[in-house]
Structures are given as C-alpha cells and as structure tokens.
Amino acid sequence: MSNAGRRWSLVAGALLTLLGAVAVAVYAGIYNVAADVPHTQPVYWLFETVRDRSIASRARDIVVPNELSDPARISSGAGQYAEMCSVCHLAPGMKRTEISRGLYPRAPELRRKTDLTAAEQFWIVKHGVKMTGMPAWGVTHDDKLLWDVVAFLRKLPELTQEQYEVLVKNAPKHEELMQERGGRHQHGDKHE
Amino acid sequence: MRKLPLRNTSLSLILIVSFAGVPLTLALGHEEHHAECNDTAINALKADIQAMGEGEAKTTARKELEAAQQSMAKNDTEGCKNHIHSAMEATEK
C-alpha cells in the first residue's frame, strides 16, 4: 500500500473509532439531559450558535410590516403577550415564575434589550425553537396576530411596570382576538 | 353609645387581621432572596448566568458563583450562601 493509501486508512480508522465511541456514549446515556444540570460551556455555545445562525438565516427574507409602531398593534400584542408569553418571559415588575425558574435553557427576559431584529423575533414566535420550550405559535395564530406580538416586543424594553399594566388592562382580550379572526389563516395573510 | 363595644371589637378584629398578615407578607418578600448552598442552587445559577448577555453583571455573577463554589468546597455554608445571594442579585440586573 502506498503512503497516501496508508494515511487514508488511518484517517478512516480514526473516524470510525470516533463514530463508534459517540454511538456507545449515546446508547449508554452518558450525557445528562436533566434540565436542572446546565450544559457545559462548549456544548451551550454550540447549541446557542446553531440556534442563532439558524434563526438569522431563516429570517433574512421576511418582510417586516411598516406599521409596527401602531398603538393598536402594540395594544393587541400586549394582551397576547400577557396571556401567552409572560409566564416564561416575564414582564416589567413581574417576579420570576416557577416555570421561568425551571426552564432550561432559560427563557430570555424580553423586557431586556435584545439584538434580535423584528424579522427574527417574528420567526421565533411563529416557528418556535426546538428543545427550548418555545412553542410554534404559528400553528394556532395567523401572521397578523404574531406581528402584533412583535410590535409589542419592540416596545417592551421601554416600558415601566405601570405602562405595561395599563397597556395590558386596555388590550383586547386574546379570546376575542381569536374569535374575531375566526381562527387561523382566515384572512389571506401572506405567510413567511 | 350602645353600639360602641361592638365597634371597638370590630376595630380590634380588623387591626388583628391586618397585622396578622404582616409577618407572612414579609416572609414572602424575603423568599425571593432566599439562598441555599447546594448543587441544585449552584446549577440553577449556572443556567441563569449562561442566559445573561455579556457585561458587568454577568462578570460579577460568574465571580460570585466561583466564590460560592470555593466556599462550598471548604464547607463554609454561610459564605457560600452569601456569594450565591450576591450572584442571584447580579443575575437580576
């Protein structure tokens, strides 16, 4: 066998050994999937990077509506946020909940400023994120309602507790919004 | 005038009921800052810190967590609790 052939055999052998070791580790259940034991930093970094890059690449072509600062949209989003999101993502003046304390990875507190674009936020709200507890709201809500939530999310970091409470108090009720819209995909919204 | 004893009794009752709730309220308020020194608390803090954005608060929380782990290794439970408490405060900033 030539030197090159021997080298390739060694590489193939090493790869097979590595794959075998990974298969044994997976089958033996070595990796702890408990939510109360965090990933090691390299594993956390890997998952975070995979998640961030996946979202960024999929949200790139989403067209953001112009009227995200419309008070009606923000109000609609506030009601939905209070009902569907605040139990995990909290809100101004809200203490951590049992769910927010136990979720892993932790659900981000959305009252804090974010680097996410509106398109990325919309994508996350619509499609959810695997193995994080973030559901795909697009299964049950149409795009217009989800953009209302995004409109509110853009405003959320500026809100005080009082402003948040007033917004939620005056917001249309989630059930009413759903009934008004007659369920999902009834209004011919363009879906990304 | 004949109703005065009843009014006094009612007032006393209201005052007793009002003040009876105070220790409970204080206890609930204090619960938020309650720190334990065990693996569960350390792991929960690690998860909280992982989720933080880079910045001064995260650096502080990391340092306090490391100090808590060192105290725990030395069986210094009070020191460990204090550092965990400080780390928890940093994660809330």
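The values are calculated or read from the model by the stated rules, or taken from the named source; none is laboratory data. Source: prediction; values computed, not measured. Reconstructed Cβ throughout: ideal geometry from the backbone, glycine too, with neighbour counts over all protein chains shown.
Among residues of segment A:155-181 that are touching a residue at least 12 places away in the same chain (Cβ under 8 Å), those with a Cβ under 6 angstrom from a residue that is surrounded by 14 or more Cβ atoms within 10 Å (Cβ to Cβ) and of a type in the set (V, I, T), sequence gap 6+ or separate chain, pair up as A:K155/A:I74. Confirm whether A:G138 is surrounded by fewer than 22 Cβ atoms within 10 Å (Cβ to Cβ), at positive phi and not aromatic (F, W, Y). No; evaluated as a whole, the condition is false for this residue. Picking from residues in segment A:94-125 that are among the small types (G, A, S) and touching an Asp or Glu at 6+ places or on another chain (Cβ under 9 Å), the one that is surrounded by the most Cβ atoms within 10 Å (Cβ to Cβ) is A:A119.
The criterion of at least 3 residues that are on the phi > 0 side of the Ramachandran plot is met by none of the helices (runs of 4 or more DSSP H) wholly inside segment A:1-98. Only residues that are under 15 Å from the mean Cα position of the chain (by Cα) and either farther than 23 Å from A:Q163 by Cα or facing chain B (nearest Cβ under 8 Å) (or both) were counted in segment A:94-106, giving 4. Out of all the residues in segment A:60-72, is one or more modelled with pLDDT of 95 or more, within 14 Å of chain B (Cβ to nearest Cβ) and either surrounded by 10 or more Cβ atoms within 10 Å (Cβ to Cβ) or touching a His at 6+ places or on another chain (Cβ under 7 Å) (or both)? Checking segment A:60-72: not a single residue is modelled with pLDDT of 95 or more, within 14 Å of chain B (Cβ to nearest Cβ) and either surrounded by 10 or more Cβ atoms within 10 Å (Cβ to Cβ) or touching a His at 6+ places or on another chain (Cβ under 7 Å) (or both).
Answer yes or no: is there a residue in segment A:101-121 that is closer than 19 Å to B:I49 by Cα and outside any loop (DSSP other than H, G, I, E, B). Yes, segment A:101-121 contains a residue that is closer than 19 Å to B:I49 by Cα and outside any loop (DSSP other than H, G, I, E, B). Checking each residue in segment A:80-93 for being out of contact with any Leu (no Cβ under 7 Å at 6 or more places or on another chain), surrounded by 15 or more Cβ atoms within 10 Å (Cβ to Cβ) and in contact (Cβ under 8 Å) with a residue 24 or more places away in the chain picks out A:Y81, A:A82, A:E83, A:M84, A:C85, A:A91.
Looking only at residues in segment A:143-192 that are within 16 Å of A:R73 (Cα to Cα) and of a type in the set (G, A, S), the one that is modelled with the highest pLDDT is A:A151. The condition of being of a type outside the set (G, A, S) and not assigned by TED's automatic domain parsing to the domain that holds A:G128 holds for A:L18.
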